[in-house]
Amino acid sequence: MRNKQIVRFSIQPLIENAIKYGLEPMESGGKLILNGYIQDEDMVFIVSDNGVGIDPETYEILQKKLSGESDEKLISNGLGIGILNINNRLKLYYGEKYGVELKSSREMGTIAKITMPLEAPLRPKLQ
């Protein structure tokens, strides 16, 4: 995946969230893994941790907002703002196929998957 550019700040907020909300509450044994690969014509990045996971209520709100099913206010403690901004920006730049997917289980950790096109301009699509 040499010499490919990605949208600025598309991975960094996910790593920060994993550390702050997933790993810091743990006493020990926390792991953070970042993987990237090419799948068909897309770049895929996975940020995963084995932390405390996202509480079910927050997770449900995030899933609804990521899928566009909800216009509830953003999570009050700040969790979710970065994820939602990344998702919205990728959809604006590249279309509805792209964005962030999230999976989380209490005490099992969280996986955030970012998908963007392999060959694409780094600016929003014009309508």
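Here, each number is a calculation from the coordinates, and none is a lab measurement. Worth saying up front: this structure is predicted, and the values here are computed from it rather than measured. Note that we place each Cβ from the backbone using ideal geometry, even for glycine, and neighbour counts take in every protein chain shown.
Under a cut-off of 18 Å between alpha-carbon atoms, report the aspartates and glutamates in cross-link reach of residue 4, not counting same-chain residues fewer than 8 places apart.
Partners within reach: 40, 41, 42, 119.
Pairs to check: 31/64; 20/91; 64/91. Give those whose C-alpha atoms are more than 23 Å from each other in this structure.
Listed pairs above 23 Å: 31/64; 20/91.
Just to be sure I understand the model, the point goes 7 Å from the Cα along the line to the Cβ. What's the resulting residue 5 to residue 106 distance in nm?
About 4.5 nm, to one decimal.
If each residue of separation counts as 0.36 nm, what is the full-extension length gain between residue 92 and residue 19 once their alpha-carbon separation is subtracted?
Computed gain between residue 92 and residue 19 is 23.6 nm.
Starting from the 7 Å offset along Cα-to-Cβ, what nm value, one decimal, do you get for the label separation of residue 33 and residue 119?
3.2
Could I have the simple spin-label model distance between residue 40 and residue 57, label points 7 Å from Cα toward Cβ, reported in nm to one decimal?
The modelled label-to-label distance comes out at 3.8 nm.
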